[in-house]
Amino acid sequence: MSYKDILSAAGLSASDLSGGTLTVQTPVDGSEIAQLAVHDVSTANAMIEKSHAAFLVWRSVPAPRRGEFVRLLGEELRRQKQALGALVTLECGKILQEGLGEVQEMIDICDFAVGLSRQLYGLTIASERPGHSMRETWHPMGVCGVITAFNFPVAPWCWNAALALVCGDPVIWKPSEKTPLTALAVQKICESVRAEFGEDAPEGLTQVLIGERDLGEALTAHKNVALISATGSVPMGRAVAADMSKRLGRTILELGGNNAMIVAPSADLEMALRAIVFSAVGTAGQRCTTLRRLIVHEDVYDALVPRLVTAYRGLPIGDPLEDGTLVGPLIDAQALAAMDAALETARGEGGTVHGGGQALRATHANAAYAHPAIVEMPEQSEIMHHETFAPILYVVRYRELDEAIALQNAVPQGLSSCIFSTDIRETEYFLSAAGSDCGIANVNIGPSGAEIGGAFGGEKDTGGGRESGSDAWKAYMRRQANTVNYSRELPLAQGIRFDI
Ligand code: UN1
């Protein structure tokens, strides 16, 4: 399929793709695939006003009916999975299997949200006063701004949007300027769903802002944006948090990860090997959940690490649209330069580097393909505390489990973590309060590839937000405590007397 065919199969016409100043290049070969028009701040403000007007309508549509909108969205995504998955691959460079997986993640969260639309449960609470009842109710919050990153151009929007929409909140999406086309394609799907749904879905229920940082700042500045959910770098998250805190707006932050795996002496090394390669190399090391640090018990180090180095050598690097490719390109030349620089620093800190360096130079000179790298480190040095968004896996040894857990927790980020062990004492300890300090802690699976049913997010520099499953929906609603007096008396709480 030509790039043109991929773009048009995803519903993007020639006029959508031209006439503007934002150049979109595919990381597959570095060629230009669009020149998009960008929005300015006054357009962003107008969109926010429109979204707020939509909120005033949408909040009163019954939640199960709002769920119907998300059901139709999920149905449409099912129909368009192949086309949208290919566009994800073309625009961000992840292999087609992972592009399709990302669309599947959208479908899954839509299914979850449809059920949720009939389960936005509050509480009934025992009142201390006779003839009184108490309850807790969840109401829609307001406009929800969603800022997303290039590496997962569509799924994180959907984790937020599917929940926000059933919770009664319109959504304004600011995608990465590196991956705006997938957002435009999804917005077209939303508009077709809105037409099918009927007139109680107001205009402006979902909107997309194309452009740079100033548009994100327009969202954080506007009092009518009740909530910002942002996925991306730690500096971006800090800026969003600072701006939102000025007006005490609500945030959900899903920022960097520096995820580790502990491989214990009792581990099934065959399973560990497969899990390591997928989670360190998948999406070319550009997931926030990518495995970046391997902490291996000294007794199994020699049985595992040389095999890993061999497995890395055989990895098929190439065009992510082609069957059989396991490693696609990095997003751009800057990412490749950051990878090279990190490997250089690691060498300076005593590391032995296997792999690394640019790949496919002869055939893809304008793209940023990299050989994934394994770096054996003498200890957990400075560079290992940083997240480099590239396929670099640092490896260190440990002797005692407590030491391994301390190493795993010693970095600023706290997103995902895992242990490979068949010793239940070790695995339960790893999951205990004294174990991993991350938002995600797994046993005998890698740190990446989470299902939508769990709450997704992490602690420390990862930002503390939770998206997707479990009760993450509560962040998209406002909680109201209600006390109802059905007696003929007016007793005060805490037994206070106040007679007039
Ligand atoms: C991200 O990289 O921003 O758990 C999200 C995973 C995916 C989501 C990653 N479900 O790897």
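Would you point out which residue out of Glu98, Glu76, Glu49, Glu102 is surrounded by fewer than 22 Cβ atoms within 10 Å (Cβ to Cβ), within 25 Å of the chain's Cα centre (by Cα) and assigned by the TED database to the domain that holds Val193?
Details: Glu98 fails: surrounded by fewer than 22 Cβ atoms within 10 Å (Cβ to Cβ); Glu49 fails: within 25 Å of the chain's Cα centre (by Cα); Glu102 fails: surrounded by fewer than 22 Cβ atoms within 10 Å (Cβ to Cβ).
Being surrounded by fewer than 22 Cβ atoms within 10 Å (Cβ to Cβ), within 25 Å of the chain's Cα centre (by Cα) and assigned by the TED database to the domain that holds Val193 holds for just one of Glu98, Glu76, Glu49, Glu102, which is Glu76.
If you check every pair at least six apart or on different chains, which have Cβ atoms under 8 Å apart with a residue in the range 61-75 that is of a type in the set (D, E, K, R) first and a residue that is part of a helix (DSSP H, G or I) second?
Arg66/Trp58; Arg66/Leu165; Arg66/Val166; Glu68/Val114; Glu68/Phe197; Arg71/Cys110; Arg71/Val114
Just wondering, is there one or more residues in the range 172-186 that are among the aliphatic types (A, V, I, L, M), surrounded by 18 or more Cβ atoms within 10 Å (Cβ to Cβ) and either over 29 Å from Asp243 (Cα atoms) or not assigned by the TED database to the domain that holds Arg71 (or both)?
Yes: one or more hits.
Does at least one position in the range 348-359 carry a residue that is under 30 Å from Ser266 (Cβ atoms) and loosely packed, with under 14 Cβ neighbours inside 10 Å?
yes
Conditions (1) over 16 Å from the mean Cα position of the chain (by Cα); (2) under 21 Å from Ala83 (Cα atoms), marked per residue:
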residue: Leu116; (1), (2): yes, no
residue: Ile125; (1), (2): yes, no
residue: Gly145; (1), (2): no, no
residue: Ala164; (1), (2): no, no
residue: Asp169; (1), (2): yes, no
residue: Ser176; (1), (2): no, yes
residue: Val186; (1), (2): yes, yes
residue: Glu212; (1), (2): yes, no
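Within the group Val171, Val146, which residue is farther than 18 Å from Ala201 by Cα and among the β-branched types (Val, Ile, Thr)? Explain how you work it out, then say what you get.
Values: Val171 fails: farther than 18 Å from Ala201 by Cα.
Criteria check complete, one pass: Val146.
Quick check: is even one residue across the range 316-333 closer than 23 Å to Gln380 by Cβ and surrounded by 14 or more Cβ atoms within 10 Å (Cβ to Cβ)?
No, the range 316-333 contains no residue that is closer than 23 Å to Gln380 by Cβ and surrounded by 14 or more Cβ atoms within 10 Å (Cβ to Cβ).
Considering only residues that are of a type outside the set (A, V, I, L, M) and in contact with a strand residue (DSSP E or B) (Cβ under 8 Å, 6 or more places away or on another chain), which ones fall in the range 260-299?
Quick first cut of the range 260-299, residues of a type outside the set (A, V, I, L, M) only: 265-266, 268, 270, 274, 278-279, 282-283, 285-290, 292-293, 297-299.
Pro265, Asp268, Ser279, Gly285, Gln286, Cys288, Thr289, Thr290, Arg292, Arg293, His297, Glu298 - these are the residues of the range 260-299 that are of a type outside the set (A, V, I, L, M) and in contact with a strand residue (DSSP E or B) (Cβ under 8 Å, 6 or more places away or on another chain).
Quick check on the range 16-46: of everything there that is hydroxyl-bearing (Ser, Thr, Tyr) and farther than 27 Å from Leu219 by Cβ, which residue is surrounded by the most Cβ atoms within 10 Å (Cβ to Cβ)? Please lay out each step first, then the result.
Taking the range 16-46 and keeping what is hydroxyl-bearing (Ser, Thr, Tyr), we get 18, 21, 23, 26, 31, 42-43.
If we keep only those that are farther than 27 Å from Leu219 by Cβ as well, we get 26, 31.
On the way: Thr26: 23, Ser31: 11.
Out of the qualifying residues, it is Thr26.
Need pairs with beta-carbon distance below 6 Å; first residue not assigned by the TED database to the domain that holds Pro329 and within the range 24-42, second loosely packed, with under 13 Cβ neighbours inside 10 Å and in a strand (DSSP E or B); sequence gap 6+ or separate chains.
Gln25/Glu32; Glu32/Thr23; Gln35/Thr23
Tell me the residue from Cys190, Cys158 that is within 16 Å of the ligand (Cβ to nearest atom), at negative phi and not in a loop (DSSP other than H, G, I, E, B), please.
Selected residue: Cys158, the only one of Cys190, Cys158 that is within 16 Å of the ligand (Cβ to nearest atom), at negative phi and not in a loop (DSSP other than H, G, I, E, B).
Quick one: is Glu403 closer than 23 Å to Arg274 by Cα and surrounded by fewer than 23 Cβ atoms within 10 Å (Cβ to Cβ)? Break it down into steps so the answer makes sense when it comes.
Numbers: closer than 23 Å to Arg274 by Cα: no; surrounded by fewer than 23 Cβ atoms within 10 Å (Cβ to Cβ): yes.
For Glu403, the condition - closer than 23 Å to Arg274 by Cα and surrounded by fewer than 23 Cβ atoms within 10 Å (Cβ to Cβ) - is not met.
Please find, within the range 465-476, the residue that is nearest to the ligand (Cβ to nearest atom) out of those that are of a type in the set (Gly, Ala, Ser) and surrounded by 19 or more Cβ atoms within 10 Å (Cβ to Cβ).
Across the range 465-476, the extreme among qualifying residues is Ser468.
So, in the range 434-464, of the ones that are of a type in the set (Ser, Thr, Tyr) and touching a residue at least 40 places away in the same chain (Cβ under 8 Å), which residue ends up farthest from the ligand (Cβ to nearest atom)? Let's see the steps before the verdict.
Residues of the range 434-464 that are of a type in the set (Ser, Thr, Tyr), as a first pass: 436, 448, 462.
Then drop every residue that is not touching a residue at least 40 places away in the same chain (Cβ under 8 Å), which leaves 448, 462.
Working: Ser448: 4, Thr462: 11 Å.
Taking the candidates together, the pick is Thr462.
The values are calculated or read from the model by the stated rules, or taken from the named source; none is laboratory data. This is a predicted model, so every value here is computed, not measured. Backbone-built Cβ (ideal geometry, glycine too); neighbour counts: all protein chains shown.
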